[in-house]
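Heads up: the structure comes next, in structure tokens.
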Amino acid sequence: MASKERGLCLVYTGDGKGKTTASLGLAVRATGRGQRVLMIQFIKSPQRTYGEKIIFDKLGIEMHQTGVGFTWTKTPEEHREALKKAWAFTKEKVMSEQYDVVILDEIHNALSITKFPIDDVLPLQEVLELIENRPQGMHLILTGRSARKEVIEAADLVSEIKPIKHYYEEGIPAVKGLEF
């Protein structure tokens, strides 16, 4: 049963741009209300600079980039190892009871990888157990494309962001400040 006292599970998914951006806005809003926020990014690598990391450091919002980049930039074993470490880190942080809001950015992307096996390093069943057993009062936000049906069923809110028009279609690549 959903309640703000129990904490809510929010899912932002779909093929459109804006899932991470929605969670960033939520993080800023929660921080403004004195809540302790943690964001863990499952795909983005700490080897690159992202605008959200720069501003979160200035605002005092804890963020960890645990990935090694897009799935086509590294070997499957590099991704598997990163996901394994990220998942262990996530479980530890969520269950520490130090946070009011935890954002698992691009976890849906990680859960939907089919190029190599991931269920032994990021088991869907454990994700569902974390949603169910998170500390009382914690809001958990999960973002990324292709949210699994089971996660959608476990969530209290699901927003699907769908593309209607995008400048990529006109050959304009990712824009600094808008996408990274």
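The values are calculated or read from the model by the stated rules, or taken from the named source; none is laboratory data. These numbers come from a predicted model, not from an experiment. Positions of Cβ are backbone-derived with ideal geometry, glycine not excepted, and every protein chain shown enters the neighbour counts. Keep in mind that these areas ignore ligands, DNA and RNA; they rest on the heavy atoms of the full protein, side chains included. Shrake-Rupley method; radii C 1.70, N 1.55, O 1.52, S 1.80 Å.
Laid out as a table, the results:
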item: Net charge of neighbours whose Cβ lies under 13 Å from the Cβ of SER96, counting Lys and Arg as +1 and Asp and Glu as -1; result: 0
item: In Hz, Karplus ³J(HN,Hα) per residue of segment 101-109 (6.51, -1.76, 1.60; θ = phi - 60°; x = Gly, Pro); result: 9, 10, 10, 9, 6, 6, 5, 5, 4
item: Shape of segment 2-66, Cα gyration tensor, a/c cut at 1.5; result: oblate
item: Rg [Å, one decimal], Dmax [Å, integer] - segment 50-168, C-alpha atoms; result: 15.0, 42
item: J(HN,Hα) series, segment 118-132, from Karplus relation 6.51 cos²θ - 1.76 cosθ + 1.60, nearest Hz, glycine and proline x; result: 10, 4, 7, 10, 9, x, 3, 4, 5, 4, 4, 5, 5, 4, 5
item: Heavy-atom accessible area per residue - segment 33-180, 1.4 Å, Å²; result: 57
item: Computed [θ] at 222 nm, helices only, for the chain once each DSSP H run of length n ≥ 4 contributes -39500 (n - 2.57); result: -10500 deg cm²/dmol
item: Dipole magnitude (debye, nearest 20) for the chain, charges at Cβ of Lys, Arg, Asp, Glu; result: 480
item: Per-residue HN-Hα couplings for segment 145-161 [Karplus 6.51, -1.76, 1.60; θ = phi - 60°; Hz; x = Gly/Pro]; result: 5, 6, 4, 5, 3, 5, 5, 4, 5, 7, 7, 8, 9, 10, 10, 9, 9
item: Extreme residue, positive dipole direction of segment 50-180, given options VAL127, ILE152, ALA82 (C-beta unit charges); result: ALA82
item: Whole-percent carbon and sulfur share, accessible surface of the chain, 1.4 Å; result: 52
item: Cα-centre dipole for segment 138-180 with unit charges at Cβ (Lys and Arg positive, Asp and Glu negative), debye to 20; result: 80
item: Linear extension gain, TYR168 paired with LYS84, 0.36 nm per residue minus alpha-carbon span; result: 27.0 nm
item: Contact order relative to length of segment 107-171, as percent, for alpha carbon pairs under 8 angstrom and 6 or more apart; result: 44
